[in-house]
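Colleague: Before we start, here is the structure in question, set down as structure tokens.
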Amino acid sequence: MSRRKSARELENQLKYAKAREAYTPPQKEDGAATQRRPKSAVKYAVLSPLAAADSAFTIQVSAAGIQFFGGITALGLAAAATDPSAPRGFSPAQMRAMVSDSSPSTIRAKGSNRPYTRYGRGNRDSNAQYNYSAAVTAATPTALDTKVKGIFTSIKDTLGGSYGRVWFESERYPVSSSG
């Protein structure tokens, strides 16, 4: 059973709901600039023991992410060749990072006017990119561990204070059959 809400909490929720209902987002102008986040095709060597030996896929990786994490060679990737594309459900091992300002700012949501804390670099309308991701691979799991820890160390100073963070997400290689 949940606790009973106070009248003040109910009034705040009603205020946010009314503001969200009354909000109309601005119309996008014809010919207005859009944010482009270009991707680069690269060769990714599969680490999974379930995959065939020396199997590789051509995957799309964020160009800004590749540059942020030190380039194609630092990530263990190679230029795209004639390798097949990744199968459905496959997810490469990835480095992810969020760059922050030195101190977070409390701002209000445009629709509901509800306050929240923004940790990312820049302000809401600055169009500054602060989330980065890029695939990372190596010949063996031990080499991958060493590579990931080396990248962590090399970009630690660029994260922008104590609120910036970097993390690793492991590869997901689906195995399925039908019949």
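The values are calculated or read from the model by the stated rules, or taken from the named source; none is laboratory data. Source: prediction; values computed, not measured. Cβ coordinates were reconstructed from backbone atoms using ideal geometry, including for glycine residues, and neighbour counts include every protein chain displayed. Quick note on the areas: whole protein, heavy atoms, side chains included, nothing else; ligands and nucleic acids left out. Shrake-Rupley method; radii C 1.70, N 1.55, O 1.52, S 1.80 Å.
Colleague: Please identify the pairs in which a residue from region 165-178 that is small (Gly, Ala, Ser) and part of a loop (DSSP other than H, G, I, E, B) has its Cβ atom under 8 Å from the Cβ atom of a residue that is exposed (fewer than 14 other Cβ atoms within 10 Å of the Cβ) and at pLDDT below 90, counting only partners at least 6 apart or on another chain.
Modeller: What qualifies is SER176/GLY89.
Colleague: Filter region 123-151 down to the residues that are assigned to a helix (DSSP H, G or I) and open to solvent by 60 Å² or more (accessible area, probe 1.4 Å), then identify the one that is nearest to LEU50 (Cα to Cα).
Modeller: PRO141
Colleague: Kindly indicate which of LYS43, LYS39, LYS15 is within 30 Å of PRO115 (Cβ to Cβ) and charged (D, E, K, R).
Modeller: Matching residue, one of LYS43, LYS39, LYS15: LYS15.
Colleague: Please enumerate the residues belonging to region 92-135 that are polar (S, T, N, Q) and touching a Gly at 6+ places or on another chain (Cβ under 8 Å).
Modeller: SER100, SER102, SER103, ASN131, SER133
Colleague: How about region 152-174: which of its residues are of a type in the set (Asp, Glu) and open to solvent by 80 Å² or more (accessible area, probe 1.4 Å)?
Modeller: Listed by number, the list holds a single entry, ASP157.
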